[in-house]
Amino acid sequence: MKAKILAFGFALVALALTSCTDTTDGIGGSLTDQADKLNVQADTFNIGSHSVLASNIISRSSDGFLGKMKDPETQSDVTANLMTQLYVLPNYEMPEQGIVTSKDANGNIIADSCELRLYYSTHFGDSLALMKITTYELDKPAKEGRQYYSNFDPEAEGYIRTAANNGLEVSSTYTLTEFSVPDSIKKDKNHTPSIRVKLNDAYTDKAGKTYNNYGTYMMQQYYANPNNFHNIYNFLNNVCPGFYFKVTNGLGSIAGIAAVQLVIYYKYKDTKDGNKVKTGTTHLTSTEEVLQLTNFVFDKNQLQALASNNNASYLKTPAGLFTEIELPINDIMNGHENDTLNSAKFELQRYVNQTASSYNMGIPGYVLLLPTEKAESFFNESKIPDNKTSFLAVYNQQTNSYKFNNVEGLINYFVQNRATAGSNANWGKALVIPVEVTTTKDENENLIINKVSHYMGLTSTMLVGGDKSKGNIKMSVVYSKFHGR
């Protein structure tokens with residue numbers, strides 16, 4: 001252990017030697033005494049890479065997506081349909097019944113109107129594209145404890161309360177330019193654009209009772225049993241399981257949905273203002289505490305055609321392509337079985353996008369490197385990169401690349417598991433996966449990573465790569481060894 005610590009101390013000097021191996025003989029003697037002469041060596045190895053299809057990935061993104069657009073690279077359509085649930089706080093309350101003036105002919109409280117707002121923080125494609133969606137009511141809430149993947153289809157799995165069973169089914173059209181919103185509001189820094197779905201038609205609940213609109217159903221459910229609105233399990237199972245938004249027409253844009261909000265409008269007497277009748281609102285919103293899941297539909301055949309490129313590899317999200325690298329572990333350790341591996345680093349260079357399109361997809365901002373065999377458990381167990389077997393890299397715009405420094409832990413992992421090389425097809429292989437990184441700050445304002453999940457937005461990039469014999473990707477390695485130890 002002492003030798004490892006000392007060797008690491010000399011790594012900074014050794015890093016300057018990664019491009020040559022014939023001038024390292026005297027370094028140990030210049031840094032230590034003759035009894036502990038340190039020998040430092042550096043070498044370079046070729047890495048192989050290729051694309052792998054990644055169609056089914058765990059969806060834990062804080063955003064959902066909705067829309068449909070054409071992938072400029074494959075010329076195939078990518079569709080994003082959104083399933084979401086609403087969240088209720090334990091202290092949620094609707095207005096006191098005595099002040100509500102919106103009532104029907106029988107004196108029952110009703111809502112004047114009701115709508116769903118799908119707030120989007122980002123969008124891809126043409127904001128002028130006319131899109132059409134159909135909004136469905138869920139028949140049951142999503143099961144707790146289940147892993148949901150990007151190919152989860154609520155319709156196929158029986159989660160939709162269909163129109164044949166009096167389920168809510170509303171068609172809406174929209175563009176992401178918000179033509180109906182005044183410019184003065186759109187320019188307000190606090191304004192968040194949204195897609196609006198009106199729920200003002202008559203609605204029939206599962207018990208067969210009909211209401212003038214969905215908002216009235218929600219209000220009367222609350223006054224009949226407020227406890228159902230103070231417990232999220234009761235709310236999802238007894239009141240509102242959630243909604244599914246399906247793209248039914250249009251092509252050209254996909255919105256990144258940050259939150260979905262149900263807004264209910266009613267009139268009430270303001271007792272603090274001379275009992276003047278005013279319009280009030282109450283709302284419920286989706287949060288990270290409940291499920292927001294995107295069902296992506298795309299052409300796997302077109303992706304497979306990209307993956308067959310032998311001279312490059314791809315990173316393509318949300319449900320597309322990962323890059324898998326093959327590390328020459330045996331070559332790296334040949335003749336260095338008793339040496340300390342001080343550093344290992346490599347760089348993945350991007351090709352400049354040559355696709356002629358006004359709506360090219362973005363470049364993944366963060367990528368995660370980890371052994372192929374550990375990828376599924378990493379995301380299943382919501383792990384954080386440990387810089388031992390899992391490493392983050394950030395896209396560097398200046399170098400147009402992703403740099404992985406000090407990934408010697410990855411090599412050591414495969415060396416320690418060399419006995420499985422004959423039976424494990426993934427031995428020596430590691431995946432590069434686009435990810436979304438969520439951080440917080442500690443008391444010293446240091447950034448702390450608290451969540452890493454698959455990136456679910458639209459990105460695509462082609463990386464320099466191919467078979468290792470082509471030498472397109474090189475790994476620089478530095479070793480050290482104390483003589484006599």
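The values are calculated or read from the model by the stated rules, or taken from the named source; none is laboratory data. Keep in mind that this is a model prediction, so the values were computed, not measured. All Cβ positions, glycine included, derive from the backbone under ideal geometry; neighbour counts span all protein chains shown. The protein model used for the area step is the full one, side chains on, heavy atoms only, and it has no ligands, DNA or RNA in it. Shrake-Rupley method; radii C 1.70, N 1.55, O 1.52, S 1.80 Å.
The table that follows gives values for the structure above.
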{"item": "Accessible surface, the chain, averaged per residue in Å² (probe 1.4 Å)", "result": "48 Å²"}
{"item": "Full-extension gain in nm, N225 to N334, via 0.36 nm per residue minus C-alpha separation", "result": "32.0 nm"}
{"item": "Full-extension gain in nm, N424 to Y351, via 0.36 nm per residue minus C-alpha separation", "result": "23.1 nm"}
{"item": "Set of the stretch 155-175 residues, backbone N closer than 17 Å to the point 7 Å along the Cα-Cβ line of Y148", "result": "155-161"}
{"item": "GluC sites (Glu not before Pro) within the stretch 407-454, DSSP loop, no more than 10 other Cβ atoms inside 10 Å", "result": "E443, E445"}
{"item": "Kirkwood hydrodynamic radius (C-alpha pairs) into Stokes-Einstein, the chain, 10 °C and 1.306 mPa s, D in µm²/s", "result": "61 µm²/s"}
{"item": "Set of lysines with alpha-carbon distance to K388 below 20 Å, sequence-local pairs under 8 removed", "result": "K2, K4, K345, K374, K403, K429, K451"}
{"item": "Label-point gap, in nm, between L89 and K140 - each point 7 angstrom along Cα→Cβ", "result": "3.2 nm"}
{"item": "Calculated FRET value between K198 and N310, using beta carbons and R₀ = 51 Å, to 0.05", "result": "0.45"}
{"item": "Förster radius 30 Å - calculated FRET efficiency between S180 and Y233, Cβ distance, rounded to 0.05", "result": "0.20"}
{"item": "Nearby aspartates and glutamates by direct alpha-carbon distance to K269 (threshold 12 angstrom, same-chain neighbours under 8 apart not counted)", "result": "E96"}
{"item": "Pairwise FRET efficiency - K187 versus V394, Cβ, R0 = 30 Å, nearest 0.05", "result": "0.40"}
{"item": "Anchor K189: lysines whose Cα lies under 26 Å away (excluding residues fewer than 8 positions away in-chain)", "result": "K198, K441"}
{"item": "Percent carbon-and-sulfur accessible area, the chain, ignoring ligands, DNA and RNA, probe 1.4 Å", "result": "46 percent"}
{"item": "Sum of -39500 (n - 2.57) over DSSP H runs of 4+, divided by residues of the chain (222 nm, nearest 500)", "result": "-3500 deg cm²/dmol"}
{"item": "0 to 90° range, to nearest 10: angle between helix 214-224 axis and the chain longest Cα axis", "result": "80 degrees"}
